[in-house]
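Here's the structure, in structure tokens; my notes come after.
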Amino acid sequence: MALQRFGMAPLASGGRVAYALTGSGPHLLVAPGWLSHLELGWAIPAERMFHEALSSGRTLVRYDRPGCGLSDAYDGPRTMELELETIAAVTEAIGATTFDFLGFSLGAPVAAQWAADRPETISKLVVYGGWAAGESIGDEDSKRLILDLLATHWGLGSDLLTNLFAPDADAGTREGTASYQRAASSAGTAVELLTLAYELDVRPALSHVEAPTLVLHRTGDRAAPIAGGRELAAAIPNAEFVELEGRSHLPAIGDSQAVVDEVRRFLGLSALRRSVPTGLTARQSEVAALVAEGLTNRELADRLHITERSAESHLERIRLRLGFRSRAQVAAWYVATNPTK
């Protein structure tokens, strides 16, 4: 069972971004999609299985953007320059001068831009579910409708986008994913990052990418049409393009094994199947359910007619079993594995 090792990287413009390391070996940096939370995302079994599979034979490096997840608050503009500054801060903090790079969704054009600007740093580049220009991922009316919904009804908007991004997920995973997205950022930040996704245009940079590149895209992706992936592959010199079956935009949802297999093949790693231990005793499951309800240890002890010390011990064993470090992760895991709707 892989464990995350956390750190904070200072940005040149001020503030810090959180990063997490998993596994060992050469670095594989992941540029995230729309929103991320290093702790709560790890509590979603499907997402954790995906990232653990990538961390065998590599030191997987993930980060939260400024103002997201565990990173410091941020109220400045959302730009490509900030995206690149964040990558520079993280790679400098971990001492990675060359690395493999995986970018998915919003992270795909960002990774391509970095690879074009800093070719000496990239060993191999993988982009999944990406696009060259944001204008290709929806018409103006649809974009305006989604942005307005996020701004005025953050809860409803996150549910809608989760259903769009992960139609193949079970109810618990959708509920857990939507919940951690709301915990990962404010409505304002969510709107700004989605606006950035709509506005980015990396077409001028693509011909300058020198690293061996794999472009992955699911044929039925409803959030980012496959035409965007084809455009990326056509514009990046000698890129390999692989179409995958499925309609979920998030790589960890649906047939995530196919995504993992292609990435590991391209990086020269052996095929691998991983699973996350999720079995708890009946009492531990009961405790986890009450943690998800928001009960404190004192309230939990009163509900179960045990001592507060016993409640603390149960929670500690749950965290050790699941490889978590916080109550919030336990709560997120329970929601994802025990849907209420």
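Going by the structure shown, is Ala311 without any contact (Cβ under 8 Å) to a residue 24 or more places away in the chain, farther than 30 Å from Leu161 by Cβ and more than 21 Å from the chain's Cα centre (by Cα)? No; evaluated as a whole, the condition is false for this residue.
Here Asp168 passes the criteria (1) touching a Ser or Thr at 6+ places or on another chain (Cβ under 7 Å); (2) assigned to a helix (DSSP H, G or I) except the one numbered (2). Within region 1-38, the set of residues being of a type in the set (S, T, N, Q), within 18 Å of Leu272 (Cβ to Cβ) and surrounded by 13 or more Cβ atoms within 10 Å (Cβ to Cβ) comprises just one member, Thr22. Those strands (runs of 3 or more DSSP E) of region 1-105 in which at least 3 residues are closer than 22 Å to Pro251 by Cβ and not aliphatic (A, V, I, L, M), considering only elements entirely within it, cover 16-23, 59-63, 99-104. Only one of the listed residues (Arg222, Arg265, Arg273) is modelled with pLDDT under 95, basic (Lys, Arg) and out of contact with any Lys or Arg (no Cβ under 8 Å at 6 or more places or on another chain). That residue is Arg273. Going by what's in this entry, would Leu60 be described as buried (at least 24 other Cβ atoms within 10 Å of the Cβ), in the same structural domain as Asp170 (by TED's automatic domain parsing) and either within 10 Å of the chain's Cα centre (by Cα) or closer than 19 Å to Gln113 by Cβ (or both)? No, not satisfied.
For region 162-177, the candidate set comprises residues that are among the hydrophobic types (A, V, I, L, M, F, W, C) and surrounded by fewer than 22 Cβ atoms within 10 Å (Cβ to Cβ); within that set, the residue that is farthest from Ala73 (Cα to Cα) is Ala171.
Conditions (1) small (Gly, Ala, Ser); (2) touching a strand residue (DSSP E or B) at 6+ places or on another chain (Cβ under 7 Å), marked per residue:
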| site | (1), (2) |
| --- | --- |
| Leu196 | no, no |
| Glu199 | no, no |
| Ser207 | yes, no |
| Glu210 | no, no |
| Leu214 | no, yes |
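What about Val291, is it among the β-branched types (Val, Ile, Thr), over 30 Å from Pro109 (Cβ atoms) and either surrounded by 19 or more Cβ atoms within 10 Å (Cβ to Cβ) or outside the structural domain of Ile44 (by TED's automatic domain parsing) (or both)? It is true that Val291 is among the β-branched types (Val, Ile, Thr), over 30 Å from Pro109 (Cβ atoms) and either surrounded by 19 or more Cβ atoms within 10 Å (Cβ to Cβ) or outside the structural domain of Ile44 (by TED's automatic domain parsing) (or both).
Yes or no, residue by residue, for (1) under 12 Å from Ala115 (Cβ atoms); (2) in a helix (DSSP H, G or I); (3) of a type in the set (A, V, I, L, M):
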{"position": "Tyr180", "(1), (2), (3)": "no, yes, no"}
{"position": "Val191", "(1), (2), (3)": "no, yes, yes"}
{"position": "Ala197", "(1), (2), (3)": "no, yes, yes"}
{"position": "Pro204", "(1), (2), (3)": "no, yes, no"}
{"position": "Ser207", "(1), (2), (3)": "yes, yes, no"}
{"position": "Ala211", "(1), (2), (3)": "yes, no, yes"}
{"position": "Gly220", "(1), (2), (3)": "no, no, no"}
{"position": "Gly228", "(1), (2), (3)": "no, yes, no"}
{"position": "Leu232", "(1), (2), (3)": "yes, yes, yes"}
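Residues in region 83-111 that are of a type outside the set (A, V, I, L, M, F, W, C) and surrounded by 20 or more Cβ atoms within 10 Å (Cβ to Cβ): Glu83, Thr86, Thr91, Asp100, Gly103, Ser105, Gly107, Pro109.
Taking residues in region 255-269 that are closer than 28 Å to Asp170 by Cα, and partners anywhere that are surrounded by fewer than 16 Cβ atoms within 10 Å (Cβ to Cβ) and of a type outside the set (A, V, I, L, M), the pairs with Cβ atoms closer than 8 Å and at least 6 places apart or on different chains are Asp255/Glu245; Gln257/Arg273; Ala258/Glu245; Arg264/Ser270. In summary, Trp114 fulfils each of the numbered conditions (1) part of a helix (DSSP H, G or I); (2) surrounded by fewer than 22 Cβ atoms within 10 Å (Cβ to Cβ) with the single exception of condition (2).
So for region 204-219 (the condition being among the acidic types (Asp, Glu), outside the structural domain of Ile318 (by TED's automatic domain parsing) and either out of contact with any helix residue (DSSP H, G or I) (no Cβ under 7 Å at 6 or more places or on another chain) or more than 20 Å from Leu106 (Cβ to Cβ) (or both)), does at least one residue qualify?
Scanning region 204-219 turns up at least one residue that is among the acidic types (Asp, Glu), outside the structural domain of Ile318 (by TED's automatic domain parsing) and either out of contact with any helix residue (DSSP H, G or I) (no Cβ under 7 Å at 6 or more places or on another chain) or more than 20 Å from Leu106 (Cβ to Cβ) (or both).
Among the residues of region 153-192, how many are more than 21 Å from Leu38 (Cβ to Cβ) and either in contact with a strand residue (DSSP E or B) (Cβ under 6 Å, 6 or more places away or on another chain) or touching a residue at least 60 places away in the same chain (Cβ under 8 Å) (or both)? Residues flagged as more than 21 Å from Leu38 (Cβ to Cβ) and either in contact with a strand residue (DSSP E or B) (Cβ under 6 Å, 6 or more places away or on another chain) or touching a residue at least 60 places away in the same chain (Cβ under 8 Å) (or both) within region 153-192 amount to 5.
The values are calculated or read from the model by the stated rules, or taken from the named source; none is laboratory data. Note that this is a predicted model, so its numbers are computed, not measured. Positions of Cβ are generated from backbone atoms using ideal geometry, with glycine treated the same way; all protein chains shown enter the neighbour counts.
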